[in-house]
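S.K.: Once you've had a glance at the structure underneath, I'll fire off some questions.
Throughout, read-outs are computed from the coordinates displayed, never taken from laboratory work. Predicted model, so just to flag it, every value in this text is computed and none were measured. Heads up, the Cβs are rebuilt from the backbone with ideal geometry, glycines too, and the neighbour counts pull from every protein chain shown.
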Amino acid sequence: MAKQKVNKPLWNYHPELPLQMAPYWHWPMRPLMIIKWLWENFLQVSDRALYIAYALAIALWLMPFAGHEAVLSWQWAGWVLVRNLVAVLVVVGGLHYWFYGMDGQGNLLRFDARPITGRKSPRFKFNYQTWDNMYYTLVYGVPIASAWEVAARWGYANGWVGSISIGSEPIWFLLLFPILTLYQGVHFYFIHRLIHWPPAYRWVHSVHHRNINVGPWSGLSMHPVEHLLYFSSLLIFLLLPAHPVHILFLLHWQLLGAPSGHSGYEAVFAKDKRRLLIGGFFHQLHHRYFECNYGSPEFPLDRWFGTFHDGTSEMLKQVRERTQRMHSR
Ligand SMILES: [Zn+2]
Ligand SMILES: [Zn+2]
């Protein structure tokens with residue numbers, strides 16, 4: 001079967017190809033497969049399970065949503081910024097140190113074995129990919145994400161965001177976690193297509209795409225306009241009643257999930273075991289081939305709009321032909 005042919009020399013490692021969409025979309029529907037996927041992605045040690053745990057810790061203990069947040073003030077907003085800065089430095093810095101600093105697992109489960117761009121690269125600020133990516137993440141990304149969190153807390157305290165509790169709607173409360181990651185894939189697809197429109201690409205999105213091979217700090221290395229659009233996903237809570245833990249989960253799924261998803265590795269591997277599932281090959285293909293995989297593997301918009309690249313050489317040919325057509329227009 002020709003479809004099975006893979007771009008072996010192109011990748012140091014890749015998951016099983018052709019890449020599959022999340023099993024919500026397989027037809028005929030296989031409920032057991034969906035349950036297994038939800039189990040592996042939400043309830044095993046995966047990045048998203050950790051972000052749910054962290055969102056719970058913030059909502060219930062570290063910094064619960066509070067009535068006094070109905071009035072905007074630097075006093076509480078400043079702590080939101082500090083907390084997010086610390087989380088990004090620990091998680092993104094930690095992943096970078098493990099993968100690229102101490103070289104914790106070499107090229108094991110690494111998609112692209114080429115080094116991330118080192119010193120003396122004029123494409124990047126400070127001539128160095130890592131410093132450049134840290135600059136865009138810490139100077140623009142974290143403050144803009146924090147501003148969205150502050151807005152959400154302010155809206156919640158003023159009653160503009162509807163609320164639910166686990167006691168009143170337990171099933172809906174749990175279902176909202178996978179629904180939010182599905183929704184985020186849709187939101188990302190459309191803003192991402194928008195910033196691939198050539199004028200917006202040159203002005204905004206080219207900042208992110210200077211990273212051909214990516215590391216954790218590349219995830220939020222974006223032009224501030226892209227940060228604004230990317231975190232605007234939180235506006236959904238003006239329509240969708242939720243608990244603060246859902247708001248915090250969606251925020252961290254993007255604030256920490258973009259960096260973990262750009263790690264360049266499928267999982268953290270230590271002591272002979274996959275310790276932390278990250279994924280990210282779907283988007284790694286976008287960084288290498290550009291005009292494909294704008295969304296996420298959870299919602300099949302790329303398939304419906306004909307921009308899906310499943311990692312096979314047949315599909316790569318189609319992506320290249322489409323790119324050529326686009327550029328010759
Ligand atoms: Zn990216
Ligand atoms: Zn892009």
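S.K.: Can you put Lys36, Lys120, Lys125 in order, fewest other beta carbons within 10 Å first? Don't jump to the answer; show the numbers that get you there.
M.R.: Values: Lys36 12, Lys120 8, Lys125 16.
The most exposed by this proxy come first: Lys120, Lys36, Lys125.
S.K.: Something else now. Determine one quarter of the surface area of the Cα convex hull of the chain, which equals its mean projected area, and express it in nm² to one decimal.
M.R.: Its Cα hull, projected and averaged over all orientations, spans 18.4 nm².
S.K.: Between region 198-217 and region 10-51, what's the alpha-carbon centroid distance in Å?
M.R.: 27 Å
S.K.: Within 10 Å of each residue's Cβ, count the other Cβ atoms and sort Leu285, Leu43 from fewest upward. Could the numbers behind the result be given before it?
M.R.: Values: Leu285 24, Leu43 11.
In order of increasing Cβ crowding within 10 Å: Leu43, Leu285.
S.K.: Along the charge dipole of region 58-161, which of Trp160, Trp131, Ser121 sits closest to the positive end, that is, farthest toward it, with unit charges on the beta carbon of Lys, Arg, Asp and Glu (+1, +1, -1, -1)?
M.R.: Ser121
S.K.: Can I ask one more? Around Ser46, which amide H atoms from residues at least 5 apart in sequence, or from another chain, sit under 5 Å from its own amide H, with H modelled in the peptide plane?
M.R.: Hits under the 5 Å cutoff: Leu277.
S.K.: Taking the number of other C-beta atoms within 10 Å as the exposure measure, put Leu182, Leu109, Leu175 in order starting with the fewest.
M.R.: Taking fewest neighbouring Cβ atoms as first place, the list is Leu175, Leu182, Leu109.
S.K.: Given charges of +1 on the Cβ of Lys and Arg and -1 on the Cβ of Asp and Glu, with all other atoms neutral, how large is the dipole of region 86-193 about its Cα centre, in debye to the nearest 20?
M.R.: Values: 8 positive and 5 negative charges, 105 e Å.
So the dipole magnitude of region 86-193 works out to roughly 500 debye.
S.K.: Taking springs between alpha-carbon atoms closer than 10 angstrom, which of Leu277, Leu240, Leu19 fluctuates most in the Gaussian network model of the chain?
M.R.: So, out of Leu277, Leu240, Leu19, the one fluctuating most is Leu240.
S.K.: For the chain, what does -39500 (n - 2.57) per DSSP helix run (n ≥ 4), summed and divided by total residues, give at 222 nm, in deg cm²/dmol to the nearest 500?
M.R.: Numbers: 13 runs with 147 residues, N = 329.
Computed mean residue ellipticity for the chain: -13500 deg cm²/dmol.
S.K.: On to the next question. Out of Leu32, Leu248, Leu72, any idea which swings most in a Gaussian network model of the chain, alpha carbons joined below 10 Å?
M.R.: Leu32
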